[in-house]
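Here, each number is a calculation from the coordinates, and none is a lab measurement. Note that this is a predicted model, so its numbers are computed, not measured. Glycine gets a Cβ as well: all are built from the backbone with ideal geometry, and neighbour counts include every protein chain shown.
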């Protein structure tokens, strides 16, 4: 088989060239449509375009649009996807033939291809990178195990009054009615906290999926992590039947994941439930896409072009005429912008129902209850929190949320309060457990027990941050004989029963308690509020509400009970995030943040670009983007690890100005790829997912 002699781009200017059929030499060609356009799987950004190949006669039947193929490219064999077949070619030279068809399965559907192209353009990335996220690697055994596509059977759905789950929301009935009628409603949904299992948010999602299926269309539900998938999946199975649902998550393994992908592709399952990669799942006749806890950073893809699942689903719903449901206990600023623009309707509970279900929140410490609790100003757990825990343990389990995992997160001088730093890499110093010596959290170098403070020479130390393990140890001593459950890091507990227990968890790792927690204590609130992020207030509220929503309702046996205690924050009248938690009004905080950002010209009103890497490379990329019309907001040193590189790493942030940001980013990536730039630079658009 002859090699491909030329691969040049199609002409971009001048008089159009005559379209002519250009067969490859010495290879019999397909009688019909002998030219194939192929997306070659290459990481090179300057080659982000389809290439033309000749279709040999022996591959004429299997070389269909959407299948995987092998082609010769730049002297090597590469994988690729066949995009289309035509009778003539744009290229005027000789075409290399397709090497082989890897599988006759058309895994890249036209709808997913169009979505991948949009996502790549939106984030300034390449189509090959986006398709790599959309289509899982092939597994031959899984391909043989899934039955071929056939006519969809008329499957009856289980009976049940699922629509009652949406009764607390005045707009809920209209949402379900429109989904069943085949319409495409788009809504931002604030779920009720403290609901029993039969009325909680997984059942509400299942009811929406059921109504969509009754209307003859499929659904796609995207959740932050495995634990959320395992909560929602049983509810959806109860609503529509096991044969209609497939789980699509990365932890399934290559064979099971590809088999699940094929079940959706071949029409055996009309509902897909999964994590962020499932946003591209090939659901037939898509009628509803759901993104739960849309502000969670787990929805942000860590691989290029770094798309956010919420935005991927929004683009998909718009182009495929599907309904869009963005839900959570809080609302991100990006979604609030869509609400303000009229793109999304709001689905919220009636005021009286919300007041009944919302937990009673008390702020403790930092100037609160000082007349009754002298230690409230300085204690990590003020008296009101201890009393809430003690009272809650009489009725069931209690939850303590700790912002960080670990033991002692940082050490400082007892006399001058200066942070202790490593003498090798200048990293922060902490301790792994009570018996471990203090060591650098970056390079692991141990610090001598009598190491003097660099500022004042004192050898006395104090902790500046305590993690979940130290908190669990301290609470175990404070409440002897009480069962202590720790959840976080590599050890995450999915569920706890209704027996009394102290549950210490990091944000996002809180175990679900079907009966609800008798009390919830949120410690070290200042750590979340002081994060170096534009979304610090929003993220703090999201994490607090995620834990507080697990508490039992405020009304307990006819009396008002303290359900949630927030510790370590200033008075709530001066901190909007704290006030939003006390009032349980996340939409108010999102609207306030949006107004402030509109006045300052910040995201999501303006798109932004984050460039990180070695100083010289970041400076070069930044200058190029500025020349393309973007504005530099600032550059900071990146302290995400030990600085062993002679050229320090920095992070620059730019925002869109007169130039189009996505086009400028794509041009920079292509230029660096063509020049074979050696320094690795990460360029991310809308790093927090806001657009």
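Report, to one decimal in Å, the Kirkwood hydrodynamic radius for the range 164-351 based on all distinct Cα pairs. About 16.2 Å for the range 164-351.
Roughly what % of DSSP beta bridges within the chain run antiparallel, to the nearest 5?
50 percent
Taking the chain as the reference, fit the longest principal axis to its C-alpha atoms, fit the long axis of helix 615-627 to the helix C-alpha atoms, and give the angle between the two in degrees, 0 to 90, nearest 10. Approximately 70 degrees, to the nearest ten. At the listed q of 0.06, 0.09 Å⁻¹, the Debye profile of the chain, built from one uniform point per Cα, gives log10 I(q)/I(0) equal to -0.41, -0.90. Here r is the Cβ-Cβ distance between residue 485 and residue 515 and R0 is 25 Å; the resulting FRET efficiency, rounded to 0.05, is 0.95. Taking each residue as 0.36 nm, the span from residue 114 to residue 530 lengthens on full extension beyond its C-alpha to C-alpha distance by 145.7 nm. Taking 14 Å as the cut-off, the amide N atoms of the range 73-117 that come nearer than this to a point 7 Å along the Cα-to-beta-carbon line of residue 319 belong to 108-117. The C-alpha radius of gyration of the range 608-685, expressed as a fraction of 2.2 N^0.38 Å, stands at 1.05. As a calculated quantity, the FRET efficiency between residue 445 and residue 598 at R0 = 35 Å, using C-beta atoms, amounts to about 0.15.
Ordering 685, 195 from the fewest to the most neighbouring beta carbons within 10 Å gives 195, 685. Spin-label model, residue 454 to residue 214: label points 7 Å out along the Cα-to-beta-carbon direction sit 6.7 nm apart.
As a calculated quantity, the FRET efficiency between residue 355 and residue 181 at R0 = 25 Å, using C-beta atoms, amounts to about 0.15.
Gyration tensor analysis over the Cα atoms of the range 71-127 returns equivalent ellipsoid semi-axes of 23, 15, 14 Å (largest first, whole Å). Length available on full extension from residue 297 to residue 77: 0.36 nm per residue minus the Cα-Cα distance, which gives 75.5 nm. Dividing the convex hull volume of the alpha-carbon atoms in the range 475-603 by its residue count gives 143 Å³ per residue. Between residue 623 and residue 242, the simple label model (points 7 Å from Cα in the Cβ direction) yields a spacing of 6.4 nm. With each label point set 7 Å from Cα along the Cα-Cβ vector, what nm distance links residue 674 and residue 57? Between residue 674 and residue 57, the simple spin-label model gives 4.1 nm.
Peptide packing for 507-519, 648-660, 483-495 was compared via the average number of neighbouring C-beta atoms within 10 Å per residue; ordered from the highest value, the list is 507-519, 648-660, 483-495.
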